[in-house]
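The values are calculated or read from the model by the stated rules, or taken from the named source; none is laboratory data. Remember, it's a predicted structure, so these values are computed and weren't measured experimentally. All Cβ positions, glycine included, derive from the backbone under ideal geometry; neighbour counts span all protein chains shown.
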Amino acid sequence: MNRSEEVVLANGCFWCTEAVFQRIDGVSEVVSGYTGGHIKNPAYREVCSGRTGHAEGLKITFDPEKISFDTLLEVFFATHDPTTLNRQGNDVGTQYRSEIFYTSEEQRTKSISFIEILDKNGVFNDPIVTKVSPLDIFYPAEKDHQNYYNQHKEQPYCQFIITPKVEKIKKFYAEKLKS
């Protein structure tokens, strides 16, 4: 039986993490976009201003028979700093917040439990600030923001910020990658 689930993960710049999740076996689609805001059909420039309330996020479609939601959470927390409020590296603003937008009660409870375990075990030096919220509306980003890293690997931003994340995933999650 081939079933799929969706979740939206926000963990900073969507260019940075889209490339990571595209490489995970069991993930069939990754769409960069915006969610969690208060205006309809926001554009990139509006979201970057921080005035729309949206987060840059990824709508991830996955097969839970091939990749567990728990493993997606592991990758999510391994590829950003969930302890900085509205900031990832040099990217600052509410659009870069850490947030899990769940699509089922099971995802909600697993997300909360996962965060509690990470905090209890002191995995990070500071408390996790990642929010867990129900997914309302997800707006796909403009076409030039989709598949960004794969089309622009030569750009300095991609080389210095995104490539290390991809290499980290190759090192620590090699058995979970697409062949």
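Residue check: is THR52 in contact with a helix residue (DSSP H, G or I) (Cβ under 7 Å, 6 or more places away or on another chain), over 24 Å from PHE160 (Cα atoms) and either assigned to a loop (DSSP other than H, G, I, E, B) or among the acidic types (Asp, Glu) (or both)? Step through it out loud before you land on a result.
Details: in contact with a helix residue (DSSP H, G or I) (Cβ under 7 Å, 6 or more places away or on another chain): yes; over 24 Å from PHE160 (Cα atoms): yes; either assigned to a loop (DSSP other than H, G, I, E, B) or among the acidic types (Asp, Glu) (or both): yes.
Spelling it out, THR52 is indeed in contact with a helix residue (DSSP H, G or I) (Cβ under 7 Å, 6 or more places away or on another chain), over 24 Å from PHE160 (Cα atoms) and either assigned to a loop (DSSP other than H, G, I, E, B) or among the acidic types (Asp, Glu) (or both).
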Quiz item: So which residues in segment 152-163 are loosely packed, with under 12 Cβ neighbours inside 10 Å and either in a helix (DSSP H, G or I) or in contact (Cβ under 8 Å) with a residue 40 or more places away in the chain (or both), if there are any at all?
Solution: PRO156, PHE160
Exercise. Could you run through segment 83-95 and say how many residues are part of a loop (DSSP other than H, G, I, E, B), in contact (Cβ under 8 Å) with a residue 40 or more places away in the chain and within 19 Å of THR35 (Cβ to Cβ)?
Key: 2
Quiz item: Just one of GLU65, GLU56 is under 28 Å from THR109 (Cα atoms) and buried (at least 16 other Cβ atoms within 10 Å of the Cβ); which is it?
Solution: GLU56
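Which members of segment 96-140 meet the condition of being assigned to a helix (DSSP H, G or I), of a type in the set (A, V, I, L, M) and in contact (Cβ under 8 Å) with a residue 12 or more places away in the chain? Quick ask: steps written out before the conclusion?
Looking only at segment 96-140, we keep the residues that are assigned to a helix (DSSP H, G or I), and these are 96, 105-120.
Add one more test, that the residue is of a type in the set (A, V, I, L, M), and what stays is 112, 115, 117-118.
Of everything in segment 96-140, those that are assigned to a helix (DSSP H, G or I), of a type in the set (A, V, I, L, M) and in contact (Cβ under 8 Å) with a residue 12 or more places away in the chain turn out to be ILE112, ILE115, LEU118.
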Self-check item: When residues of segment 13-58 are limited to those that are closer than 20 Å to HIS152 by Cα and of a type in the set (S, T, N, Q), the one modelled with the lowest pLDDT
Solution: THR17
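Any chance segment 7-22 includes a residue that's without any contact (Cβ under 8 Å) to a residue 40 or more places away in the chain, surrounded by 21 or more Cβ atoms within 10 Å (Cβ to Cβ) and touching a helix residue (DSSP H, G or I) at 6+ places or on another chain (Cβ under 9 Å)? If you could, list the steps in order and put the result at the bottom.
First, the residues of segment 7-22 that are without any contact (Cβ under 8 Å) to a residue 40 or more places away in the chain: none.
No, that holds for no residue.
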Quiz item: What residue, among those in segment 1-32 that are among the small types (Gly, Ala, Ser) and within 13 Å of GLU56 (Cα to Cα), is nearest to the chain's Cα centre (by Cα)?
Solution: ALA10
Self-check item: Of all residues making up segment 104-121, the number that are out of contact with any Leu (no Cβ under 8 Å at 6 or more places or on another chain) and more than 21 Å from GLN88 (Cβ to Cβ)
Solution: 12
Quiz prompt | Contacts under 8 angstrom Cβ, first residue in segment 51-65 being at positive phi, partner in a loop (DSSP other than H, G, I, E, B), 6 or more apart | solution = GLY53/GLY36; GLY53/GLY37; GLY53/HIS38; GLY53/ILE39
Exercise. Just give me the residues in segment 1-47 being out of contact with any Leu (no Cβ under 9 Å at 6 or more places or on another chain), of a type in the set (S, T, N, Q) and not in a strand (DSSP E or B), in sequence order.
Key: ASN2, SER4, GLN22, ASN41
